[in-house]
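Step one of this worksheet: look at the structure below.
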Amino acid sequence: MLSLCRKIAFMDRAMRNGIWISGMLTTEVIGKTVGIICFGNIGKRLAELLTGFHCNILVYDVVKDPASTNIYNFDKVDLTNTDAWEEKVKYVDLYYLIPESDIISLHLPCNEHTRGMVDKNFLRKMKKSAFLINTSRGTGNLRRESCSEVLSHYMQPEFGYARV
C-alpha cells in the first residue's frame, strides 16, 4: 500500500535505468479512508497497522465479528492507545464502502459468496483517484473480462497499475 501510494517501485525502476524524476506527485496514506473487504485475520492486522496512519477504516464482511463491535466513533478514539484500534473500525455496507474509500484492500477467499465480486460495476463506483489492492486467495473474485474495459480506460502503464 505504501509502495503503491508513494510510487516507490516505479521510482526505483526509473532510477535504476538512469532516469531521475523530480517533482512527481504521490499520495499520502495518512488520513485516507481505507476500505477492507473481508475482516479475517489479515484484514484485522491491516486495520491495526493502519492505526499509525490515522486512517478511517471501513469494513465489509459477510460475518460481523462481535469482538470488533466498538466501531462507530472515529473522533473520540485515543490515538496513543494502540490497543484501541478496533474502535476505529466501522462496519458498513459494501455499496457504502466502495465510493467512500480512497484505498480498497481485498482479502477474500474465493467461494460462492465472493466469486466475481469485483466487476465493472464495482470499479465504476470507486472514486477516480482510488486504489484497489487485491490480495485475495484464488482467482475468481475479479471478473477480468468485464473489468478490462474499465481498467483499460484508467490504466497508467508507466506505473504498472490502474488507477480507478
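The helices (runs of 4 or more DSSP H) found entirely in the stretch 50-164 that carry 1 or more residues being at pLDDT 85 or above and closer than 17 Å to residue 36 by Cα are 94-100, 120-125. Scanning the stretch 3-45 for residues being out of contact with any helix residue (DSSP H, G or I) (no Cβ under 6 Å at 6 or more places or on another chain) and farther than 27 Å from residue 116 by Cα gives a total of 20. Just so you know, in the stretch 2-15 the residues that are surrounded by fewer than 18 Cβ atoms within 10 Å (Cβ to Cβ), at pLDDT 80 or above and not β-branched (Val, Ile, Thr) include one that is farthest from the chain's Cα centre (by Cα), and it is 15.
The values are calculated or read from the model by the stated rules, or taken from the named source; none is laboratory data. Values in this document were obtained by computation on a predicted structure and should not be read as measured data. Virtual Cβ from ideal backbone geometry, glycine too; neighbours counted across all protein chains shown.
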